[in-house]
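The values are calculated or read from the model by the stated rules, or taken from the named source; none is laboratory data. All figures in this text were calculated on a predicted structure; none of them were measured in a lab. Here the Cβ is made from the backbone with ideal geometry for all residues, glycine too, and neighbour counts use every protein chain on show. Remember, those area values only see protein heavy atoms, side chains included, never the ligands or the DNA or RNA. Shrake-Rupley method; radii C 1.70, N 1.55, O 1.52, S 1.80 Å.
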Amino acid sequence: MEMNQYMSMFIDESNDHLQSLNENMLRLEQQPEDISIVQIIFRSAHTLKGMSATMGFEDLAALTHEMENVLDLVRNSKLSMNGNIFDTLFKCLDALEAMVQDIINGGAGKGDVVDLVERLKAIVKGDVEGKGATKGAKAPQAISASLVLDQYQLSILDQSLDSGHKAYYIEVKVREDCLLKAARAYMVFDVLERNGEVIKSFPSVQEIEQEQFDRGFSVYYISQAEESLLRDQISRVSEIESVVLTLVDRDSLAELGHSQDSSTPSEEAASEVAAAAEPAVAISPTAPSAATSAAPRTPAAAASSGNAAPRTIRVDIERLDSLMNLFSELLIDRVRLEQLASEVRRNDLTETVEHMARVSADLQNIVLKLRMVPVESVFNRFPRMVRDLAKSLDKKVDLVIVGAETELDRTVIDEIGDPLVHLIRNAVDHGIESIADRVKAGKSEVGTVHLRAYHSGNHVFIEIEEDGKGINRPKVLETAIKRGVLSAEEAKNLTDEETNMLIFAAGFSTADKVSDVSGRGVGLDVVKSKISSLGGHVTVHSNWGTGTRFSIQLPLTLSIIAAMLIKLGSEKYAFPLSSIVETGSVKRSDIRTLHGNRMIDYRNSIIPVVSLAVLVDSPDYSDEEENETEMLVIRKGDKLAAILVDEFIGQSEIVLKPLGKYMAGTVSVVSGATILGDGQVALIVDPNALIK
Amino acid sequence: MAEEIKVIVFTLAQEEYGIEVDKVRTIERMVPITRVPKTPVFVKGVINLRGIVIPVIDLRGRFGLVEAEQTENSRIIIVAANDLEVGFIVDSANDVMDVMSDAIENPPEVLGGIKAKYISGVAKIGESRLLILLNLVEVLSRSEIIQLEQFGE
């Protein structure tokens, strides 16, 4: 079978299942008595196992298989969850994640699972003595006479049925006087393998090869070929006495499972297979909506929302980009059509064009929304992270997530994960006090971290708030002075807000001691620079004794920015609005020359004047001739500069386009391009290149 | 064995040139070009090709020929090679031709002022026609445009 084409599907689905496993394990930890959660976990693990086995990732399959055995005992109330089991299972999830990650990186998905498998086996053995529970680990060997499928094979059969293949149970008998039984058997296998895949044979292939079988052998077989065709081809092998083909359907598959040794986990696997036949049940564990309310506090809501899974498809982001490109073409044609219609002045034409305009406006809305993804995909890794952190720091922490459905552009989503990880670690490690300190301060033992996301205007806000000890202002100032970030004099005049921002300075850490999770030298400055590179910014509010709130403001998307369009003679340029402080005009007489550099007085400070026309060698505009020139005041860090331009066109949302590889490295003033409503390309000026 | 190569034929200063057809994405009529500052003179700027911004160079300028006024026949040939997409302004483009690989000869040392390295071969067609086959990788070489850039500063 050609596996590569299924690889991406496998990876996506494995990630979904791992996520679901993580979430549900967390929920289960909150309510260890809820067997329905165990069921969901079991199903996820089971599917994951089936997929891994099909794809040939044996370590993955082996580990999930053992996990399943443990879970199976739990859901049948033969074993109750305890701290040890939770820890082991979480470790297993980590190992699974590592293996899937390895597969994503092109590896073979190998992992050292022996230890974990032993631990799982010990759990199974330790709590229910023997009881045949270990039997499930391997396909039972002792059973002769009939064919027994183990769980891997059952799930393979099940999945083949799903994908429209036929499954057969085939019994072949060779004639009594047959001389070379093994050779005949080989020929039958040859026929079979040409048309499909043998899942399991009895006796085993080795035994058949060594002629260690009586007169007949039987196989489970998957194929797309028709029954009659197979029968014909097999019968054509000489010295075959009889061929019996039985079509295996879902029901008989389920029965097959049930007919096995009733106390082995394989039985459950079979009923699982039957359950999988009902799509609603099979889908529910992966339902993203269950994750939306992943906050451990509201598990009831999460459990009930499992059925309303949104139906989605995965689309290559490049296809979306080309869709957007084509669409912008359409918009240009629309503008042209509107123009023509107004010239032609025919009623029915005007009406049609107007209708088309409305439809394309709606279409534009949808196309832009296609790139939007709920922040949930980032948030859903945090419950587990906070759990582990709290455990290792010996604290009690509740994570409350609100607004996980808030949507952001895919490109922003991909980038925002790391800064959030950092801030949440910071909140749990530095913010929330130890249990003893919390009790001393009259707070409840359990600290709370709120993670919120919401829309506001053209921005998305993400907030991380905890009810911990707050930022110790005197200490921050002391450290800042010691590190030379600012002088003692300056420190006196800082507002609370400014003081709080100091923690974002490079190499700044007020942690008393280096702990397991922080103090490794990577500071909040990295968080800040990452967020600003996304065009957002971060602020801190803190009250001593009652907690801290980090608030991140992000643009909805990176591919569309707000810009100021300006004219320079016949040419048009765009300035990102985020770097513009002010627009205004300047009189020629106000421009002074200082040491050969042109400067103006701007709000009591002297700032340099830059002529855009000179900078871009404008062919048909020069500010030399103007008495009064329009200007843009732009900012880079704490430096300002006045940029002289010809005329303002106005503010507009523009779609960023790269200039192409050919231009890369040669153009320093221009950071990209955009396509204006009339189809013309306008260049986007890089404000950072204007301020030296 | 002689193989057939399909080439797009275009003219530049009365001479005929060819680019293999699989390197050519489309041929466009002239469209408004947005000038990009601080680039060599032969880089005319960028155009909007169905939503994608593509740089355009004047092939005459690139080869050091005298640049000509654009006419009705002027075309922009969008080529893709070396991971780069670039438009070439040419005097005209109106033919697709099959060239037998055994009709292609190595470029002579000097050919109409165009550096030999830009040429991968010369194909003889019929009795009197010569087709100059371009070596796109060299024509699109970015090191040269960066050199020119530094020279200008």
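Going through A:Ser360, A:Ser322 one at a time, which residue ends up being touching a Gly at 6+ places or on another chain (Cβ under 9 Å) and either surrounded by 15 or more Cβ atoms within 10 Å (Cβ to Cβ) or within 13 Å of another protein chain (Cβ to nearest Cβ) (or both)? The unique qualifying residue is A:Ser322.
The strands (runs of 3 or more DSSP E) located wholly in segment A:589-667 that include 1 or more residues which are surrounded by 18 or more Cβ atoms within 10 Å (Cβ to Cβ) and of a type in the set (Val, Ile, Thr) occupy A:597-602, A:605-611, A:628-636, A:639-645, A:647-655. Put simply, of A:Leu93, A:Leu120, A:Leu116 the only residue that is at pLDDT 85 or above, part of a helix (DSSP H, G or I) and surrounded by 13 or more Cβ atoms within 10 Å (Cβ to Cβ) is A:Leu93.
Scanning segment A:1-33 for residues that are over 30 Å from A:Asn195 (Cβ atoms) and free of Cβ contacts under 8 Å to residues at least 12 places away in the same chain yields a single hit, A:Glu33. Residue count for segment A:44-89 satisfying the condition of being open to solvent by 10 Å² or more (accessible area, probe 1.4 Å) and either at positive phi or touching a Gly at 6+ places or on another chain (Cβ under 7 Å) (or both): 4.
Among the residues of segment A:187-195, is any open to solvent by 40 Å² or more (accessible area, probe 1.4 Å) and touching a residue at least 60 places away in the same chain (Cβ under 8 Å)? Outline the logic, then answer.
The initial filter retains those residues of segment A:187-195 that are open to solvent by 40 Å² or more (accessible area, probe 1.4 Å), namely A:187, A:190, A:193-195.
From the residues that got through so far, the ones that are touching a residue at least 60 places away in the same chain (Cβ under 8 Å) too are none.
No, segment A:187-195 contains no residue that is open to solvent by 40 Å² or more (accessible area, probe 1.4 Å) and touching a residue at least 60 places away in the same chain (Cβ under 8 Å).
Residue check: A:Ser668 meets all listed conditions (1) more than 26 Å from A:Asp590 (Cα to Cα); (2) away from chain B (no Cβ under 14 Å) but one, namely (2).
Of all residues in segment B:82-96 being outside any loop (DSSP other than H, G, I, E, B) and acidic (Asp, Glu), which is surrounded by the most Cβ atoms within 10 Å (Cβ to Cβ)? That would be B:Glu85. Mind listing whichever residues of segment A:201-218 are in contact (Cβ under 8 Å) with a residue 12 or more places away in the chain, open to solvent by 50 Å² or more (accessible area, probe 1.4 Å) and either of a type in the set (S, T, N, Q) or part of a strand (DSSP E or B) (or both)? Across segment A:201-218, the qualifying residues are A:Phe202, A:Gln210.
A residue that is under 24 Å from A:His17 (Cα atoms), touching a strand residue (DSSP E or B) at 6+ places or on another chain (Cβ under 8 Å) and open to solvent by 20 Å² or more (accessible area, probe 1.4 Å) occurs nowhere in segment A:413-425.
So for segment A:508-516 (the condition being open to solvent by less than 70 Å² (accessible area, probe 1.4 Å), modelled with pLDDT of 70 or more and assigned to a loop (DSSP other than H, G, I, E, B)), does at least one residue qualify?
Here is the first cut: in segment A:508-516, the ones open to solvent by less than 70 Å² (accessible area, probe 1.4 Å) are A:508-511, A:515.
From what's left, modelled with pLDDT of 70 or more: none.
No, segment A:508-516 contains no residue that is open to solvent by less than 70 Å² (accessible area, probe 1.4 Å), modelled with pLDDT of 70 or more and assigned to a loop (DSSP other than H, G, I, E, B).
Filtering segment B:6-18 for residues that are within 11 Å of chain A (Cβ to nearest Cβ) and polar (S, T, N, Q) leaves an empty set.
Mind telling me which of the residues A:Ser622, A:Ser652 ends up being within 35 Å of the chain's Cα centre (by Cα), away from chain B (no Cβ under 13 Å) and polar (S, T, N, Q)? Full working, then the answer.
Working: A:Ser622 fails: within 35 Å of the chain's Cα centre (by Cα).
On inspection, the qualifying residue turns out to be A:Ser652.
Considering the conditions (1) facing chain B (nearest Cβ under 8 Å); (2) open to solvent by 40 Å² or more (accessible area, probe 1.4 Å); (3) touching a Ser or Thr at 6+ places or on another chain (Cβ under 6 Å), A:Val681 is excluded by exactly one of them, (2). Being away from chain B (no Cβ under 12 Å) and within 24 Å of A:Thr411 (Cβ to Cβ) is a property that holds for A:Asn688.
This table checks each residue for (1) farther than 30 Å from A:Ile317 by Cβ; (2) in contact (Cβ under 8 Å) with a residue 40 or more places away in the chain; (3) within 14 Å of another protein chain (Cβ to nearest Cβ).
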| site | (1), (2), (3) |
| --- | --- |
| A:Thr557 | no, yes, no |
| A:Ile566 | yes, yes, no |
| A:Ser578 | no, yes, no |
| A:Arg588 | yes, yes, no |
| A:Asp601 | yes, no, no |
| A:Asp617 | yes, no, yes |
| A:Asn627 | yes, yes, no |
| A:Ile634 | yes, yes, no |
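All of B:Val79, B:Val99, B:Val46 fail the test of being open to solvent by less than 10 Å² (accessible area, probe 1.4 Å), touching a residue at least 60 places away in the same chain (Cβ under 8 Å) and under 20 Å from A:Asn325 (Cα atoms), apart from B:Val79.
For segment B:52-65, does any single residue satisfy the condition of being in contact with a helix residue (DSSP H, G or I) (Cβ under 8 Å, 6 or more places away or on another chain), closer than 21 Å to A:Lys572 by Cβ and surrounded by 14 or more Cβ atoms within 10 Å (Cβ to Cβ)? Yes: segment B:52-65 contains one or more residues that are in contact with a helix residue (DSSP H, G or I) (Cβ under 8 Å, 6 or more places away or on another chain), closer than 21 Å to A:Lys572 by Cβ and surrounded by 14 or more Cβ atoms within 10 Å (Cβ to Cβ).
Scanning segment B:41-71 for residues that are over 18 Å from A:Thr674 (Cα atoms) and either part of a strand (DSSP E or B) or within 8 Å of chain A (Cβ to nearest Cβ) (or both) yields B:Val43, B:Ile57, B:Asp58.
In the set A:Val148, A:Val174, which member is over 30 Å from A:Leu116 (Cα atoms), at pLDDT 50 or above and either surrounded by fewer than 12 Cβ atoms within 10 Å (Cβ to Cβ) or not assigned by the TED database to the domain that holds A:Leu73 (or both)?
Working: A:Val148 fails: over 30 Å from A:Leu116 (Cα atoms).
Checking each option against the conditions leaves just A:Val174.
From the list A:Ile11, A:Ile41, A:Ile35, the one residue that fits, being crowded, with 24+ Cβ neighbours inside 10 Å and of a type in the set (Val, Ile, Thr), is A:Ile41.
With respect to A:Asp418, is the statement that it is under 24 Å from A:Glu466 (Cα atoms) and among the acidic types (Asp, Glu) true? If you could, list the steps in order and put the result at the bottom.
Numbers: under 24 Å from A:Glu466 (Cα atoms): yes; among the acidic types (Asp, Glu): yes.
In short, yes.
Residue under question is A:Thr539, and the condition is that it be assigned to a loop (DSSP other than H, G, I, E, B) and not hydrophobic (A, V, I, L, M, F, W, C); does it hold? Lay out the reasoning, then the answer.
Values: assigned to a loop (DSSP other than H, G, I, E, B): no; not hydrophobic (A, V, I, L, M, F, W, C): yes.
No.
For segment B:24-37, the set of residues classified as in contact (Cβ under 8 Å) with a residue 40 or more places away in the chain, over 17 Å from B:Thr71 (Cβ atoms) and buried (at least 17 other Cβ atoms within 10 Å of the Cβ) consists of B:Val24 only.
Filter segment B:19-40 for residues that are part of a strand (DSSP E or B) and either within 15 Å of A:Tyr662 (Cα to Cα) or within 8 Å of chain A (Cβ to nearest Cβ) (or both) and give the result. If you could, list the steps in order and put the result at the bottom.
Of all residues in segment B:19-40, those part of a strand (DSSP E or B) come to B:19-20, B:24-29, B:34.
Within segment B:19-40, just B:Thr34 meets the criteria.
Test A:Arg27 against the criterion of being of a type in the set (Lys, Arg), within 22 Å of A:Val397 (Cβ to Cβ), outside the structural domain of A:Pro383 (by the TED database) and open to solvent by 10 Å² or more (accessible area, probe 1.4 Å), and give yes or no. So A:Arg27 fits the description; yes.
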